[in-house]
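Read through the structure below, which is laid out as structure tokens, and then see the notes.
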Protein chains: 4
Amino acid sequence: MSSVEIVDRSSLIGGLYRELVLDPKQTAIVTIDMHRGHLDMDVATMPAKPEDAKRVISNARAALDFARARGVPVIHVVLVYRRLPGLGSEGMVSPFWKAMHAGQTENDRLTPGRKSTVREHNIEGSPGTEIIPELYKTGDYVIDNKKRLDCFYGTDLRLLLDTLGVKNVVLMGINTNTCVLNTSFTAFNFDYRVVVLSDCVASMYGDDLHVLGLQNVARCLGWVVTNSQLFEKLDSAGSDVRRATAALAK
Amino acid sequence: MSSVEIVDRSSLIGGLYRELVLDPKQTAIVTIDMHRGHLDMDVATMPAKPEDAKRVISNARAALDFARARGVPVIHVVLVYRRLPGLGSEGMVSPFWKAMHAGQTENDRLTPGRKSTVREHNIEGSPGTEIIPELYKTGDYVIDNKKRLDCFYGTDLRLLLDTLGVKNVVLMGINTNTCVLNTSFTAFNFDYRVVVLSDCVASMYGDDLHVLGLQNVARCLGWVVTNSQLFEKLDSAGSDVRRATAALAK
Amino acid sequence: MSSVEIVDRSSLIGGLYRELVLDPKQTAIVTIDMHRGHLDMDVATMPAKPEDAKRVISNARAALDFARARGVPVIHVVLVYRRLPGLGSEGMVSPFWKAMHAGQTENDRLTPGRKSTVREHNIEGSPGTEIIPELYKTGDYVIDNKKRLDCFYGTDLRLLLDTLGVKNVVLMGINTNTCVLNTSFTAFNFDYRVVVLSDCVASMYGDDLHVLGLQNVARCLGWVVTNSQLFEKLDSAGSDVRRATAALAK
Amino acid sequence: MSSVEIVDRSSLIGGLYRELVLDPKQTAIVTIDMHRGHLDMDVATMPAKPEDAKRVISNARAALDFARARGVPVIHVVLVYRRLPGLGSEGMVSPFWKAMHAGQTENDRLTPGRKSTVREHNIEGSPGTEIIPELYKTGDYVIDNKKRLDCFYGTDLRLLLDTLGVKNVVLMGINTNTCVLNTSFTAFNFDYRVVVLSDCVASMYGDDLHVLGLQNVARCLGWVVTNSQLFEKLDSAGSDVRRATAALAK
């Protein structure tokens, strides 16, 4: 089995962290596919690892509660597929997903060592499409027409963020290296400040790609922080803003 | 220094490879930022490693010549920045790139161990914006208003691909884990068949992210092939199509 | 009161009509804001004229029934606004709509001679957001996150059309000169064949702008047809296609 | 010949005009297809009326000079088509434009009473693609990859506007009822304040559609102003802003 040495960029990442200011008034948390189709082993059609599911739900709940208490809006983005007559899931027009089903058995698909199916994943009305109950509170926003890997594609996410005055997009969810990473790229391209919560993401594709996703964000386009780092940044934003303003005035 | 074990998905990847058919009439090669700003060490402001530059240029030339000879269109997408009065490079509105310049010295930026600067990168009219001469031939298409990491964002790439009748997008260029990966995501989201040429990509961010970028494509959204695999697929497409049609008829 | 002479382009329009082929297998009907907020005088917050509402509902019902019977998919696109704490309707970030409320009384707004309000229009959960019951049948598709004038903006309409294999987009709904016209423009830009059903559109802004909308489509970007012309084109598509193929073979 | 009565909305339009504040620091002028392909009768392939061309060029020059003197950026957006081997102009994939060429003679196309051709319009390198020299000054921005009717589609216009801090988009150019109107719609959808300069627009499709295009903007989505109204608004913005702020403080 081959392995990869992770390049040590702790100096870079430390320097960037010092520059990070997260004013709660300009921040939103976007949860990505925090639904039963990934996280509830009883119904999941593309399951994360059970221990990851447990960790992510518990940490996400803490982060969301902390954020809501400071007025930070929470937006849940969820993939849901229509079943089309004669076609099946509307997701099955994807040439890659078609090849996945044509060439592989149920045990050798996207999730190494676990069964999974795109074809039956998160069909409209199925239990997989439900947001994990611990993570939803009244007043949260829901966008439930995600169709591919990018939360911005085919949805009104950008419009909602801009209406709310958001500059800082804090991401959590499943999977670190696909939907979270793709959404990070797009948020970067749209000039948002991108923050990924390392305690609240996981990958059904393998731990190596989970690490890739985080390294890729932290070294190329945004910030990867723990829950406690997020809490510190949100609570110190007032003094950070004052310090930044004072620095500019010199 | 930490290391990551690469999960062995050779069975999955082998099965997907057997499903891949690349009809030259429905295929285009998109080169990503194959310009002197990454690849010519004399002028590069965000340089790849010199040995990577050499390898990528040489392999890309072979792949492009092979493709052109079979009528496969070649589209070069290049990042170019205007210099705005009072602002400098238009790229510097990005909060992440601003933080990179605010918090880091020239020797501790995006390119580990080499100097780099977003602020002076590929300004309109500068030599960095020129496509590497060996890679350009009359009849190729050029899109030179890429502004962020995604070749589709703010450009007419999708329109050009659809006008040309393209279903299969073959990607090469710099960097494996950012512009190539981001463009792979978007091409996947738009339901193209995504192929990345492993011989013709590299990353200025580190070899770990290069490897993981390729793993991410191959296991989650598309195909990663060598030059010789590409050549085989392009030349056998006729019989592949016949075989697929025969299979359907059974 | 000033008036405008309509330029006579009947020769142009006649010639274009002869070129129009509508294969039911490549056609979808998109209904635009066929909801109670425009069409049910009891609850409408931006009402069409009552006689227009009656005409449009009756004709739309006939067109939809005809289309469904031939397997043409029906997609209903509806504007729905969230109410945001401290902001009110999320639509009220629009500078034009803000100016409309700041500078005008309820009787001098978008709908000449009738009261209207953007601020209370089609708030999530309100009766205005309901599709007119006569126009909905099980098996129809619904996209209920339209936020501005363009049915494609912030929605998955394009993805759904392409998944269904649609090339011809037949539009009906409210208002001829805004949402129908804006959606016609975008469908044209995306290289769909655009057809607007004159019997099934109306404008709350005035009959002059209704005429504009239709003239603009018919002379610049698409086809405007009556219900009976639509029915004829859908039923003759087989022979039209044969004729076109024969012509090509000459 | 039929005529249309224009609904009198002078009260509405007057009220909206009073609400309009145009801070030069948040304003840009976008010129739309101010090229020789529409405006220079010697080379135009889709000509405006000669008297319109003269009026528009002269008024546009005055408006642009006034704006530049106040630091308002000028962005020229121009349609340019590649010629593709075997296809001709890349614009000819449009089903409507194909039907226009299939069904109509050169004298009965988009421009009533004048010859026109989409097929040869603004091919890369042809004189038609040149911006009218009187309207271009060093320091202006150019976006020359417009491909359809909307200046935002397939271009980096939105990114450039946002980088420049623009909130108010002032439009001029050809044609009032297609590219200007389509761009107005999209600018409205993106929550810019939309202003169309009536002295600096015209339509090759007929005066009726010019008039109705302006009515459509003024009554549904933005502001239509003369050159002198623009100048007044730009020069009074300081006091307007103070007045608005004072009003808020009450």
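The values are calculated or read from the model by the stated rules, or taken from the named source; none is laboratory data. Just so it is clear, the structure is predicted and the values come from calculations on it, not from any experiment. In this analysis, Cβ positions are derived from the backbone assuming ideal geometry, glycine residues included, and neighbour counts consider all displayed protein chains. Ligands, DNA and RNA are stripped out before the accessible areas are found, and what is left, the full protein with its side chains, is counted by its heavy atoms. Shrake-Rupley method; radii C 1.70, N 1.55, O 1.52, S 1.80 Å.
A few comments on the model shown:
- For C:Asp235, the label point sits 7 Å beyond Cα toward Cβ; its separations from the matching points on the remaining copies run 5.7, 6.6, 7.4 nm, from shortest to longest.
- Distance from the alpha carbon centroid of the stretch B:1-75 to that of the stretch D:50-84 works out to 42 angstrom.
- Summarising the label geometry, the points placed 7 Å from Cα in the beta-carbon direction at D:Glu51 and B:Arg70 lie 6.1 nm from one another.
- Rolling a 1.4 angstrom probe over the stretch A:124-250 with all protein chains present gives an accessible area of which 53% lies on carbon and sulfur atoms.
- Loop-located chymotrypsin sites (Phe, Trp or Tyr not before Pro) in the stretch D:57-129 (DSSP state other than H, G, I, E, B) with a sparse environment of at most 11 neighbouring Cβ atoms within 10 Å are absent.
- For the protein assembly as shown, the Cα-based Rg and Dmax, in that order, read 27.8, 83 Å.
- 7 Å along Cα→Cβ, label-point gaps from B:Gly125 to other copies, nm, shortest first: 2.5, 5.8, 6.3
- In this simple spin-label approximation, C:Arg18 and B:Lys137 carry label points 7 Å from Cα along the Cα→Cβ vector, and these lie 4.4 nm apart.
- Of all chain B C-beta atoms, the nearest to the rotation axis linking B with D is recorded, alongside its rounded Å distance, as B:Asn145, 3.
- For the stretch A:1-68, the relative contact order is 17 percent, taking Cα pairs closer than 8 Å that sit 6 or more residues apart in sequence and dividing their mean separation by the residue count.
- Between the beta carbons of C:Ser2 and C:Lys115, assuming R0 = 30 Å, the FRET efficiency works out to 0.70 to the nearest 0.05.
- Radius, Kirkwood style, for the stretch A:124-250 when every pair of distinct Cα atoms is counted (Å): 16.2 Å
- Taking each of A:Lys115/A:Lys147; B:Lys98/B:Lys146; A:Lys146/B:Lys137; B:Lys147/B:Lys167; B:Lys25/D:Lys147 in turn, the alpha-carbon distance tops 29 angstrom for A:Lys146/B:Lys137.
- Beta bridges assigned by DSSP with both partners in the protein assembly as shown are antiparallel in approximately 15 percent of cases.
- Rounded to whole Å, sorted largest first: equivalent-ellipsoid semi-axes of the stretch D:1-42, Cα gyration tensor: 29, 26, 5
- Compactness relative to 2.2 N^0.38 Å, alpha carbon Rg of chain B: 1.03
- The label point for D:Ser239 and the one for B:Val43, both projected 7 Å from the Cα toward the Cβ, are 5.3 nm apart.
- Inter-part distance where the stretch C:166-193 and the stretch A:113-184 are each reduced to a Cα centre, Å: 29 Å
- FRET E, pair C:Ser11, C:Glu232, Förster distance 22 Å, beta-carbon r, rounded to 0.05: 0.60
- Dipole orientation for chain C: of the candidates C:Val21, C:Ser116, C:His38, C:Val21 has the Cα lying most toward the positive pole (charges on Cβ; Lys, Arg +1; Asp, Glu -1).
- In nanometers and ordered shortest first, the copy-to-copy spacing of the A:Val142 label point, defined 7 Å from Cα toward Cβ, is 1.3, 5.1, 5.2.
- If you model the stretch C:1-115 as an ellipsoid using its alpha carbon gyration tensor, with each semi-axis the square root of five times an eigenvalue, the axes come out at 33, 23, 16 Å, biggest first.
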